[in-house]
Every structure is written in C-alpha cells, then in structure tokens.
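Okay, structure first, notes after.
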Amino acid sequence: MTAPADLRRGLSTALMVLFGVAIAALVLALIARGGQYSQLGDQLDGKHVTRDEIEDADAFYLGMFVLSSLVMVAIAVVWAIWFRRLRLNAETFAPGQHRFTSGWAAGAWFTPVVNLWFPKQIANDIWRASSPQGPHSVPRGLLNAWWVTWISGGVIFGLAATRYSNAKNEAEESFHFITRNAAEDAHSALALHMFGYVVTIASAILAILVVRQITGMQQQRALLPPQSGAGSDPFGGMGGAQPYGVQGAQPYGVQGGQPYGTTQPYGGAAPYGGQQYGGQQFGGDPGTPPGSGQQQAPGQQNPYGSGPAGY
C-alpha cells in the first residue's frame, strides 16, 4: 500500500522565495562583473584606471559572488528535499513506473557525472505521473527549457573560469606584468562569465515556473476520483499511445483502461464503468446482486491503484 501524497506547499513556497532572492543576487553579481569588464576594457583602450577603482570593483564582485553562492547552497538543500517529495508523490500516482528510487531523486543532484542526466530522467517520470489528464497530455517544453538553461549555465561558467584562470597564470608567469594577450583573454573570459549569469538568471526564472507547475499538477492529480465514470475518458484522448513500452494500449501499463496503475476490481470482469455499484450491468444481467464478490464497494477503492493485483 503506497502512502498518500504529501501536498504541503511549504517547501515549494520556500523554493520560490529563495529563487527570487537568488535572481536578485545574480543580477547584482552580473552588474559587478560588468564593472570589472568595463574597467579592463578601458585599460585595453589606453584609458587610465586607478588602483582604488579596480579594488572597489573586485570587492563589489566578491561580495555579490559570496551572497549568490550562499543562496544557491540553500536552494540546493531545499530543492533536494522537495524533489524527493515529488518523487514519493509520483510513486503514489503511478506505482512501479519509475526508473529510479526516491533516494536517487535527492542524491543524483550531488553525484558527479550522473547529475548531468539522472535528475532530468527522474523529473520526466515525475512529470508524466503527476499529469492529471494522462502521462502524455502535458507538454514538457517548460521542463526541457529549464533543464537546458540550467546545464548550459554551468557549462558556460566552467569555460569562463578556465579561461580566466589561464589568463591569470600567464600574468603570473610574466612576473605579474599583465601582457596585452593575457588582458584580452581575461576580458573575453569576463564577457563569457557575464553571459553565464544571464543564462543562469533565465534558469532561475524557469525554475520558479517549474515549481509552480508541478506543484499544481500534483494537487490536481491527487483530487482525481479512483476510476472514471461510464463512457468517460480520464486521459483526455491519448490516442492509444504506449508510455514506457507497455502493452494493452493503457497508460502506465495497466489493464482494463484503469488510470495510473489501478487494476480491475472484478477479478477480470468488466472494468469500472461497465458495472454500477448496485450490481446493474450495462447490457448484461440486471440481477447480479451487490456483494457477490465481483466488485468492491466505493469506499474500498484505492485511488492510486495499489490494490492486491496492482503494482
């Protein structure tokens, strides 16, 4: 028996607030980096820049860098806890249909190399399981855009840091005399770093939208009735698509057209919608008595399909 979904909004609200603070800190860091970029450009153009101006610009950037880093650390902790909760909820909605355990939902973010794709695969599974209309009815454009900007920002920062470090090493090898080539390399690295900040800010904005979207999806999914009524399509017309390579033209590999991992409560008889609770069959024998062992009472239905014959 799977646990009920945890729909408390405290973590999602905290994440959105933290991302808002992070965006402000990243904007300030971008401005500070821009000041350094302008000063170095002035030096390349032969303009006079005092040492005090250089030190002030460096101190301003260092402060904004530390601030944004502290906020990002807080986001990483809260995000891992929140993301694991999403994964546990998704297991409730679609038991047995996920590629990774709930432990990976938190740990994958901090595991080198695999953190480049494991979290996205987990997010895809959560997104499908949390869709109120069915696993393929909600486009993943927002989720994909967030992931691309997040990974791209990290790659750009890494390249910029490498180029800037190489320029500093060249200056140190010249006995702290900054050659023009080293200054130009550092100037280009600062420009790339500024672009990385822009991409990361975009990623933070998209992350807020992702948090809001998936939180709302899970709240709606938890409110769905355990089964669909006669003649209704709880999946919004999926067209028989086969998620996860399952058989039987049913979402999440279930039989008899039951949503999100539910099984037929009639021991193989007509699915819900083909028999009323009072025992009346549509087009069959109207004399089937209630409690004949061919059905379950409404209160015994598991809304997430983890019955004896389920997952």
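Descriptive notes on the structure:
- Within segment 82-113, if we keep just the residues that are without any contact (Cβ under 8 Å) to a residue 24 or more places away in the chain and more than 20 Å from residue 72 (Cα to Cα), the residue that is surrounded by the fewest Cβ atoms within 10 Å (Cβ to Cβ) turns out to be 103.
- Of all residue pairs spaced 6 or more apart or on separate chains, those with beta-carbon atoms under 7 Å, a first member in segment 4-30 that is free of Cβ contacts under 8 Å to residues at least 60 places away in the same chain and a second member that is buried (at least 21 other Cβ atoms within 10 Å of the Cβ) and small (Gly, Ala, Ser) are 25/68.
- Test: residue in segment 11-18 that is among the hydroxyl-bearing types (Ser, Thr, Tyr) and at pLDDT below 90: no
- Residues (in contact with a Leu (Cβ under 8 Å, 6 or more places away or on another chain) and closer than 18 Å to residue 185 by Cβ) located in segment 33-68: 33, 36, 37, 40
- Positions within segment 127-141 being surrounded by fewer than 17 Cβ atoms within 10 Å (Cβ to Cβ) and not small (Gly, Ala, Ser), in sequence order: 139, 140
- Only one of the listed residues (107, 158, 196) is of a type outside the set (Ser, Thr, Tyr), under 16 Å from the mean Cα position of the chain (by Cα) and assigned to a helix (DSSP H, G or I). That residue is 107.
The values are calculated or read from the model by the stated rules, or taken from the named source; none is laboratory data. Just so it is clear, the model here is predicted, and its values are computed rather than measured. Neighbour counts are summed over all protein chains in view; Cβ atoms, including those assigned to glycine, are modelled from backbone coordinates with ideal geometry.
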